[in-house]
Every structure is written in C-alpha cells, then in structure tokens.
Amino acid sequence: MSTTETLAAPPQAPAAPARPSYARAFWGLMLRDARLLRRDLFSFVVRTIMNPLFFVFIFTDIMPKIGQNFSGVGAANFATILVPGLVAIAILFQGIMAVAMPLSIELSGTHEIEDRLMAPLPIAWTAFEKIFFSVFQSILAALVVFPMVYFIPATPVHVQVASWWLLAVVIVLSSFTAGALGLTIGTLVKPQQIGMIFAVVVTPIIFLGCVYYPWALLGRVKWLQIATLANPLVYVSEGLRAALTPAVPHMPAWAFLAALVLSAAGFSWWGIAGFRRRVIN
Amino acid sequence: MPQAAIEVENLVKRYAGPGGGVLAVDGVNLRVAQGELFGLLGPNGAGKSTTIGVCTTRVRPTSGRIRVGGVDVAAEPPRARAGMGVVTQFRALDRGATAWENLYFHCRYFGWPAAASRRRADELLAQFQLADRRDATPEAFSGGMAQRLQIARAVAHRPRVLFLDEPTAGLDPQSRMAVWDLVRGLRAEGMTVLLTTHYIEEAERLCDQVAIVDHGKILVCDTPARLKQSTGAGAVARVSVEQTGAELEARLRALPGVTEVEPTAEGYRLLAHAREGLAPAVAAAAQGFGLRDFSLHEPSLETIFIHLTGRELRE
Ligand SMILES: Nc1ncnc2c1ncn2[C@@H]1O[C@H](COP(=O)(O)OP(=O)(O)OP(=O)(O)O)[C@@H](O)[C@H]1O
Ligand SMILES: [Mg+2]
C-alpha cells in the first residue's frame with residue numbers, strides 16, 4: 001500500500017456497499033476468540049482440570065488406599081463409572097465458564113462486545129458464533145480431562161469404544177448443548193447473579209447429572225429418576241457412558257441422542273433470542 | 001437532490017416500559033450531506049444516543065425511515081453496518097486483546113484478508129500516535145489514548161460515515177483537542193461524521209452543521225454562525241443582583257439596545273444589539289438593587305439554547 005492512502009474511502013467509491021460476506025465476518029469472530037483462548041490457554045487448562053483432578057485423586061486413588069471404597073456397578077468399578085461422568089462435566093461446564101460468564105459481564109458491564117456487534121453479519125450469526133466457538137473449547141476440555149480420569153485411578157479403568165461414530169456424535173452434540181446453554185444463561189443473568197447461579201443451577205445440575213452413578217440405577221428412587229430427565233447433563237453423561245463404557249448400564253442411544261438434539265436446538269433458539277433482546281433495543 | 005450520507009425521516013422511538021414507556025425521540029428529521037461534519041447538541045436525555053443507536057442498527061425505530069450511505073438500516077442491518085464506523089458512548093475496547101489486535105480483528109470482521117488487515121493495523125497505530133502501545137492491552141490506556149484507539153478502530157475498515165457518540169466526554173482539554181484534530185483530519189479526507197455532544201464549544205468550533213435537540217425533538221438546525229446570528233443579539237450580559245423584581249426588570253428592558261431580559265437564578269440575562277455602553281447602563285439601572293456581578297459575552301450556541309428552552313445546557 002502506498003503512503004498516499006487516506007483514512008476514508010475515496011469519494012468516488014460507490015455509496016452503497018455490496019452485500020458483505022457473512023462467512024468472512026463469522027470467521028473473523030472465530031479468529032479473535034481463538035487468539036484470546038490461546039493467550040489464556042494456561043488458565044483454561046487449570047480451571048478445566050482442577051475439579052476432576054482432585055475428584056479422581058481422592059475418590060479413586062486415596063479412598064481405596066485408606067479402605068473407604070465405593071463399590072461400583074456390577075463388574076465396573078467406581079473409577080470406570082466416573083470416566084464418562086467427569087468428561088461430561090468438563091464438556092458442559094465450558095459452556096458456563098467460556099460463554100455464560102464472559103458474556104454476562106460483556107453485556108452488562110464492559111460493553112466489550114460492542115465492536116463485534118457492529119460487524120457486518122446478522123446479530124443471530126454473532127450469537128451463534130459464541131456457541132460454535134465454545135464447541136471447540138468443550139471438545140478441548142474433554143481431551144484434557146480424559147487422560148486424567150483414565151490414568152490417575154489406582155484401580156484399573158475399563159474403557160472400550162464400541163463405536164467411534166457414536167462417540168464423535170455424542171461429543172459434538174453435547175458440546176453444542178453446552179455452548180447453547182451457556183449463551184442462554186449469559187443473556188439471562190447479570191454479573192452480580194453469577195454466584196447465585198452456581199449455587200442454585202450448577203450444583204443441582206452436577207449432583208443430579210448421573211455423573212457419579214448411571215441413570216438406570218436411579219430406578220430405585222423412581223421420582224428422582226424421572227426428575228433428572230430435565231437435566232441436560234444426564235444425557236451428556238449417559239451418551240458418553242454408552243460410547244466409552246458400554247458395559248455399564250446406560251440409556252438407549254435413541255433416547256440420549258434425541259434429548260441432546262432437542263436441548264442443543266432449544267437452548268440455541270432461546271439463547272439467540274435472548275442475545276438479540278439484549279443487544280437491540 | 002443529491003443523495004445524503006445520512007437521511008432520517010420522521011424518526012420516532014418509544015422505549016417500552018411502565019406507563020407507556022419513554023418517548024426518547026419524537027419526530028426527528030435529519031439530512032447529513034456527504035463529507036459534512038454534523039453535530040447533535042443537547043442536554044442529558046435529549047435523545048442523542050437513541051438517534052445514533054437507530055442510525056447504527058442498534059435501536060429499532062418505532063417509526064420512521066432511516067438511510068445511511070443509501071442503505072435502509074432497518075431493512076438491511078448488516079449491509080448498513082458494512083459502510084459505517086461507530087464509537088459508542090461506552091469506552092468499549094476489547095480488553096483481552098492488544099491495541100494492534102483490536103484493529104486487526106476489526107478489519108477481519110469486515111472481511112479483510114490477513115495481510116491487508118495487518119498492514120492497516122500498523123498504519124493506524126502510526127497515524128493515531130499509538131505505535132509505542134502496539135502490544136499493550138487497552139486497560140492500561142489513558143482516556144485520551146483509549147478514545148484515539150476507538151476512533152482508529154471505527155475507521156479501520158474505511159467506512160464512509162462515522163458516528164461518534166460524545167467523543168470527548170470525560171477527556172482532559174488536551175486530549176479533547178487531539179480528538180478534534182483527528183475528526184477534522186477525517187473530515188478533510190471526505191468522511192461524513194455525525195457526532196453528539198453537550199459541549200457548546202465542541203459544536204461551535206468543530207461542526208459544519210449543528211442541530212440542537214431537546215426532549216427528542218430538533219429545535220433548530222443550521223451552521224453555528226447562522227445559529228448564533230439568529231438571536232439577533234450582538235452581546236449577552238449576565239447580571240447578578242441581591243434583589244430581583246419587576247421594577248429592575250422593567251428598567252433593564254428599557255435600556256437602549258437591549259432586546260431581551262430573562263430571569264436567571266442569580267439575576268438576569270440580557271440580550272443586546274451591541275456591547276458598547278452596556279456595562280455603565282446596567283450599573284446605573286441596577287443602582288439600589290445590590291449589583292453583585294456583571295459579565296459580558298459573545299452570543300454562543302448556549303444563548304440560543306436558553307432562548308429556545310429557557311434552560312441552560314449543563315457543561
Ligand atoms: N434502553 C432504554 N430503555 C428505556 N429508556 C431508555 C433507554 N435508553 C434511553 N432511554 C431513555 O430515553 C431518553 C433519551 O436517552 P438518550 O440516551 O438517547 O439521551 P442522550 O441525549 O444520549 O443523553 P446523554 O447526554 O445523557 O447521553 C432518556 O429519557 C433515557 O432515559
Ligand atoms: Mg447519550
């Protein structure tokens with residue numbers, strides 16, 4: 001470029017710009033998020049591994065050594081039960097950590113998102129980019145957590161991938177659900193309410209998410225088994241259970257796949273509508 | 001009529017809310033010609049940001065037709081955004097990103113290829129005197145630096161129309177001058193600029209055209225020079241006295257050359273044809289009323305604002 005360039009477009013340029021490329025703008029947003037994630041990779045890894053690391057360490061390494069053992073289910077020990085569950089938490093909670101919390105702050109406090117809202121693509125695409133980028137973050141989180149829950153336990157873990165296709169589909173659908181749920185929460189919640197959300201939403205989701213026990217076993221507490229069907233984490237855990245530890249009882253594939261598709265679509269719709277409501281008056 | 005850069009016809013915006021909501025903009029019409037530097041001057045809550053919000057696709061109009069760069073903003077928001085640059089009232093830089101990245105990614109959002117975006121970011125940092133802050137994040141920036149970076153980012157994709165919402169609010173005088181110089185430079189290059197302000201001086205010294213807004217309506221719209229002439233006054237005097245009253249008011253009104261007398265908190269404001277002889281005449285008239293203070297001014301846009309609304313624009 002020459003030094004005679006000016007800041008503004010030359011006056012003879014056509015007044016009405018051509019239709020902008022939405023795909024390129026979308027790609028630009030992805031590049032920006034990727035750059036910031038790369039810069040923040042250390043804190044991403046730390047916040048992703050701390051909870052599963054301590055969980056597996058205490059419950060599958062220390063507890064058996066001090067004679068406090070959980071029995072597991074049938075032939076599967078507790079460490080094996082935990083593998084899909086802890087990976088499921090890692091996936092779902094990226095949606096809250098990487099989408100909901102930053103978005104809530106950007107929308108109400110810092111307005112950092114302003115410049116991206118002025119990008120030449122429909123607002124719904126800008127909202128969808130949040131979900132789409134977080135899919136990669138969730139997959140990354142799953143990849144970070146898996147080796148920990150596989151290698152740390154003192155007792156052997158039995159993982160057996162019956163179908164790589166099923167595993168891939170479950171992970172992608174789960175990651176979409178996580179991002180869409182994060183978008184929904186981020187547009188609904190004020191930054192001051194985030195602590196509250198952890199107490200009243202996150203805690204029950206985790207403990208009632210079939211992370212530490214397979215859903216089938218809840219049959220002995222029927223009302224709870226039915227109530228947990230409203231929890232998206234149940235389908236993530238059960239889907240991963242079917243894909244990673246098929247020997248442990250799990251829901252039929254049609255059930256968790258349908259539920260994951262529905263929650264991904266439903267939260268996407270809800271989250272995008274909420275985003276639009278927040279940024280356009 | 002040549003196509004205007006910004007056309008606003010009968011804009012009405014009512015925000016939803018209890019009791020019928022808030023009527024923020026009440027029938028605004030604007031035409032900003034290509035290359036013009038246009039100012040919206042008005043007090044807090046006048047509807048300036050709402051008007052800019054509608055033009056920049058961020059506020060949906062209740063009714064009215066708005067075109068920016070020939071594009072209907074309500075019908076085709078992404079295409080309208082492609083041709084405009086915006087600096088909002090919030091200092092809203094991307095804090096996790098460096099100054100350079102703020103510019104680089106902005107270009108990418110507008111579809112620029114990587115190499116061109118990189119060159120553009122470098123060029124803008126140099127032009128806006130931010131080259132030494134290239135890799136710093138904006139958290140560490142002073143208000144003036146942050147505002148320069150915001151303007152640089154807004155023009156990075158070479159828009160033809162630039163919207164600046166209170167570009168110098170909260171800046172020190174030196175930074176304000178720097179922003180004025182930048183805006184003048186952009187204008188010289190053919191950019192159309194619509195800015196809002198509640199600084200009289202900014203509207204007077206920077207803008208080609210000024211629209212004075214209050215309660216969602218445009219009261220007058222003209223060049224600063226013509227607006228100032230429109231009161232017919234050659235001088236404005238402020239008189240502060242211990243006792244006000246009908247008698248003093250009548251005496252002031254009767255002074256030669258005085259066209260108008262308006263009561264203020266401390267006394268009166270006088271509009272007169274000329275300043276000569278006004279001071280001694282007022283001093284004589286106020287004899288016995290406890291004259292505390294007297295000052296003479298050139299008429300300003302403030303004069304016309306007070307003239308039209310009976311209130312002062314808060315500086
Ligand atoms: N999102 C909103 N919801 C409801 N009312 C709003 C909203 N935004 C602005 N208003 C109201 O609309 C009116 C005009 O506000 P606006 O922000 O356009 O004024 P302004 O001229 O920019 O003022 P300022 O100088 O304070 O920035 C005000 O009464 C304000 O309270
Ligand atoms: Mg405003």
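The values are calculated or read from the model by the stated rules, or taken from the named source; none is laboratory data. A quick note: this is a predicted structure, and the numbers were derived from the prediction, not measured. Note that we place each Cβ from the backbone using ideal geometry, even for glycine, and neighbour counts take in every protein chain shown. Only protein heavy atoms, including side chains, enter the accessible area calculation; ligands, DNA and RNA are left aside. Shrake-Rupley method; radii C 1.70, N 1.55, O 1.52, S 1.80 Å.
Helix A:78-94 axis versus longest C-alpha principal axis of chain A: approximately 20°, rounded to the nearest ten.
Relative to the 2.2 N^0.38 Å rule of thumb, the range B:48-95 has a C-alpha radius of gyration ratio of 1.17. Counting only alpha carbon atoms, the long axis of helix A:22-39 and the longest principal axis of chain A meet at about 60°. Amide hydrogen proximity for residue B:214: with H placed 1.01 Å from N in the peptide plane, the residues at 5 or more positions away or on another chain lying under 5 Å are B:219.
Annotation: the antiparallel percentage among DSSP beta bridges lying fully within the protein assembly as shown is about 70. Based on Cα contacts under 8 Å between residues 6+ apart, chain A shows a relative contact order of 27 percent.
The average projected area of chain B, computed from the convex hull of its Cα atoms over all directions, is 19.7 nm².
Extents of the range A:123-174, taken as max minus min of Cα coordinates on every principal axis and listed largest first, are 50, 23, 10 Å. Rounded to 0.05, the FRET efficiency of the residue A:229 and residue A:51 pair, given R0 = 22 Å and the Cβ-Cβ distance, is 0.35. Considering only A:56, A:99, A:221, the Gaussian network model of chain A with Cα springs below 10 Å gives its largest mean-square fluctuation to A:221. The figure for residue B:13 is an accessible area of roughly 10 square angstrom, using a 1.4 Å probe on the protein chains alone. For the protein assembly as shown, the spread of Cα coordinates along the three principal axes comes to 108, 59, 44 Å, biggest extent given first. Starting from the Cα of residue A:201, step 7 Å toward the Cβ, then list every residue of the range A:239-277 with an amide N under 18 Å from that point. Hits in the range A:239-277 for residue A:201 at 18 Å: A:263-277. Please give the calculated 222 nm ellipticity per residue for chain B, where each DSSP H segment of at least 4 residues contributes -39500 (n - 2.57) and the sum is spread over every residue; nearest 500 deg cm²/dmol? Dividing the helical sum by the residues of chain B leaves -9500 deg cm²/dmol.
For residue B:9, put the label point 7 Å out on the Cα→Cβ axis and report which residues of the range B:54-68 keep their amide N under 11 Å from it. B:64-67, by backbone N distance to the label point. Compared with the dominant principal axis of the Cα atoms in chain A, helix A:232-244 is inclined by about 60°.
For chain B, relative contact order (Cα pairs under 8 Å, six or more residues apart, normalised by length) works out to 19 percent.
Per residue of B:120-127, other chain Cβ atoms within 10 Å of the residue Cβ number 1 on average. Per residue, the convex hull spanned by the Cα atoms of the range B:232-298 measures out at 70 cubic angstrom. Over every Cα atom in the range B:32-161, the radius of gyration and the widest Cα-Cα span, Dmax, amount to 15.7, 47 Å. Using alpha carbons only, the radius of gyration of the range B:136-269 set against its Kirkwood radius gives Rg/Rh = 1.12.
What separates the Cα centres of the range A:55-100 and the range B:249-312 is a distance of 82 Å. How big is the C-alpha Rg of the range B:262-315 next to the rule-of-thumb value 2.2 N^0.38 Å, as a ratio? Rg over 2.2 N^0.38 Å, computed on Cα atoms: 1.22. For chain A, the residue among A:173, A:149, A:214 whose Cα projects farthest onto the positive side of the dipole built from Cβ charges is A:214.
With R₀ fixed at 56 Å, the C-beta to C-beta distance from residue A:143 to residue B:309 puts the FRET efficiency at about 0.30. Which percent of the Cα-Cα distances in the range A:135-281 go past 21 Å? The answer is 49 percent, as a whole percent. Accessible-area rank, largest first, for A:101, A:148, B:191: A:101, A:148, B:191, with all protein chains present and a 1.4 angstrom probe. Rounded to the nearest 10 square angstrom, residue B:95 shows an accessible area of 90 square angstrom against a 1.4 Å probe. The helix-only estimate of mean residue ellipticity at 222 nm for chain A, built from DSSP H runs of length n ≥ 4 each weighted as -39500 (n - 2.57), is -19500 deg cm²/dmol after division by the residue total.
Of the beta bridges in the range B:4-224, as assigned by DSSP with both residues counted there, near 55 percent are antiparallel.
Listed by chain and number, the lysines placed with their C-alpha closer than 26 angstrom to that of residue A:130 are A:190; residues fewer than eight positions away on the same chain are left out. Pairwise inverse Cα distances across chain A, averaged and inverted, put the Kirkwood hydrodynamic radius at 20.3 Å. Structure remark: mean-square fluctuation, Gaussian network model of chain A, C-alpha springs under 10 Å; the largest value among A:138, A:263, A:43 belongs to A:43. One chain, two ends: residue B:208 and residue B:16. Fully extended at 0.36 nm per residue, the span grows by 65.7 nm beyond their Cα-Cα distance. Within straight-line reach of residue B:13, meaning a Cα separation under 23 Å, sit the following lysines at least 8 residues removed in sequence or on another chain: B:48, B:217. Take each residue in B:84-97, count the other chain C-beta atoms within 10 Å of its C-beta, and the mean is 5.
Surface calculation, 1.4 Å probe, protein heavy atoms: residue A:93 sits at approximately 20 Å² accessible.
A simple spin-label model places the labels of residue A:253 and residue B:284 10.6 nm from each other, with each point 7 Å out along Cα-to-Cβ. Rolling a 1.4 Å probe over the heavy atoms of the protein chains gives the range B:225-314 an accessible area of 52 Å² per residue.
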